[in-house]
Amino acid sequence: MNIEILGMGCAKCHKLDELVRTTVREMGVDASITNVQDVKKIMAYGVMTLPGLVIDGKVKIAGKIPSANELKNLIGRK
Amino acid sequence: MMNNCCADKEGNAPKFKSYILIPLLLAGIIFYFYLEDIVNFLIYSLMNLEQGSHLTEAIRFFLYDTPKVLMLLVSIVFIVGIIRSYFSPEKTRKALEGKPLFIGNIMASTLGIVTPFCTCSAIPLFIGFVESGIPLGVTFSFLVAAPMINEVALVLLFGLFGWKTALLYASTGLLIAIVSGWVIGRLKLEHFVEEWVYEIKAGDFQMEERKVTFNDRIQAGYTAVVDIVSKVWIYIVIGIAAGAAVHGYVPENFMASIMGKSAWWSVPLAVLIGVPLYSNAAGIIPILQALLEKGAALGTALAFMMSVIGLSLPEMIILKKVIKLPLIIIFISVVATGIMIVGFIFNWIY
């Protein structure tokens with residue numbers, strides 16, 4: 001699984017990054033996590049609000065930090 | 001409306017059970033109606049304070065205003081949180097596409113008030129707007145209105161100075177956003193946007209939209225309350241305490257000579273001082289309270305507040321990545337001029 005976190009270095013974005021890493025570890029999922037800071041790449045997903053979460057090329061979250069449960073569902077559904 | 005970004009509570013707000021909403025509301029209303037009696041009882045019967053003395057009045061003011069304003073704040077933030085859940089920058093962009101200049105400015109300013117986004121999203125938002133062909137002037141109307149008209153400021157003005165002041169603030173703020181954006185649009189400043197912005201090809205936004213239930217919206221309102229009120233309550237308490245304290249100890253017309261009506265230059269000066277200063281709306285109100293209390297003119301005080309919360313250095317630094325310095329300077333000057341005009345008009349009317 002390929003997880004991308006879209007963010008330009010704001011506190012919320014770091015928070016999401018942290019949350020994703022803990023959740024992935026907890027669930028024992030095999031995933032590569034990358035931080036995307038380049039605005040061109042962020043825009044390529046059409047996202048206008050940060051932070052964003054992209055799983056396997058699909059935008060799942062934009063403009064908010066999901067709750068731990070919501071995130072588990074998103075990752076688990078794969 | 002623009003959040004000062006970096007709230008991190010969102011994911012962690014406890015779940016709100018919507019069924020406790022109605023009893024909570026009832027209890028709130030009852031408490032609100034008996035508040036004055038409760039405070040009077042506390043002061044005169046329980047604490048046995050002397051009626052009419054400065055100290056008693058100060059304590060009474062504090063005990064009465066703090067719960068009143070905090071309750072107002074919670075209700076309004078809750079309602080705004082629910083309203084905001086109906087909007088998103090993506091929808092706003094769609095609504096603004098292809099709108100002619102003036103209509104576009106009006107719509108963008110209005111949508112700027114209710115569209116939720118945070119400072120760190122300013123760049124993707126700006127690019128997203130420009131990329132989908134929304135005129136620069138319309139985009140700026142949005143960017144001006146978002147921080148300028150702030151629900152916390154609105155509540156506090158309403159609670160502390162009455163509905164007229166609150167309404168004047170909201171309507172003139174809106175007017176400044178509309179006109180500033182329109183002026184920037186007429187000036188044809190597109191060449192001051194960084195070239196690479198125009199080269200970006202934004203992808204189609206496609207997120208699997210989950211059905212948003214009414215419960216989700218209630219939850220959004222609740223999250224907003226936890227998020228905002230936990231950040232600003234302390235400023236409000238300090239502000240009301242300061243307001244209560246200056247009742248007795250600072251001479252009544254202390255500020256009148258330098259910020260009063262007769263000193264016309266106080267308006268530009270207030271804006272000049274206010275632009276580089278940056279504070280959230282809750283932090284600025286206590287200052288406003290103290291200024292007005294001591295004879296500063298309303299227009300001057302409002303101009304000061306608007307320039308502090310409407311034009312912020314952090315936002316400019318972020319925008320500097322996508323627009324060139326001359327446009328930033330023009331942007332600041334146009335908005336600052338608008339604020340000054342509002343200040344003058346207020347001082348003239350009142």
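Computed from the coordinates by the stated procedures, all read-outs in this text should not be read as laboratory data. Predicted model only: the values in this text are computed from it and were never measured. Here the Cβ positions follow ideal geometry from the backbone for every residue, glycine too, while neighbour counts run over all protein chains shown.
Results, tabulated for the structure shown:
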read-out	value
Calculated FRET value between B:Leu167 and B:Ile329, using beta carbons and R₀ = 30 Å, to 0.05	0.40
Check: region A:2-76 dipole with +1 on Lys, Arg Cβ and -1 on Asp, Glu Cβ, in debye	180
Exposure proxy ranking, count of Cβ atoms within 10 Å, fewest first, for A:Leu50, B:Leu46, B:Leu167	B:Leu46, B:Leu167, A:Leu50
Once the Cα gyration tensor of the protein assembly as shown is diagonalised, semi-axes √(5λ) in Å	39, 30, 17
Where labels lie 7 Å past Cα in the beta-carbon direction, separation of B:Lys201 and A:Asn2 in nm	1.8
Length-normalised contact order for chain A - Cα pairs under 8 Å, 6+ apart - percent	38
Extended-chain gain in nm, criterion 0.36 nm per residue less alpha-carbon gap, B:Leu313 and B:Phe41	93.2 nm
Among the listed pairs A:Lys58/B:Lys324; A:Lys58/B:Lys201; B:Lys164/B:Lys188; A:Lys40/B:Lys94; B:Lys231/B:Lys324, those beyond 28 Å (Cα-Cα)	A:Lys58/B:Lys324; B:Lys164/B:Lys188; B:Lys231/B:Lys324
With at most 16 other Cβ atoms within 10 Å, longest stretch of chain B clear of loop trypsin sites (Lys or Arg not before Pro) (DSSP)	B:18-187
Whole-number D in µm² s⁻¹ for region B:98-153, Kirkwood Cα-pair radius fed into Stokes-Einstein, 20 °C, 1.002 mPa s	189
For B:Ile323, residues with placed amide H under 5 Å, excluding near neighbours	B:Glu194
Antiparallel bridges, percent of DSSP beta bridges restricted to the protein assembly as shown (to nearest 5)	55
Computed over chain A, Kirkwood Rh from alpha-carbon pairs, angstrom	12.2
Efficiency of FRET from Cβ geometry, B:Trp233 and B:Asn48, R₀ 45 Å, rounded to 0.05	0.95
Of the GluC sites (Glu not before Pro) in region B:22-126, those whose Cβ has at most 13 other Cβ within 10 Å and which sit in DSSP loop	B:Glu50, B:Glu97
Dipole moment magnitude, nearest 20 debye, the protein assembly as shown about Cα centre, only Lys, Arg, Asp, Glu C-beta charged	660
Unit charges on C-beta of K, R, D, E only; dipole of chain B, Debye	400
Shape box of chain B [Cα atoms, principal axes, largest first, Å]	72, 55, 29
P(r), alpha carbons of region B:252-350 - 5 Å bins starting at zero, rounded %	3, 15, 23, 23, 17, 9, 6, 3, 1, 0
Cα point-scatterer Debye curve for region B:24-169, base-10 log of I(q)/I(0) at q = 0.13 Å⁻¹	-0.71
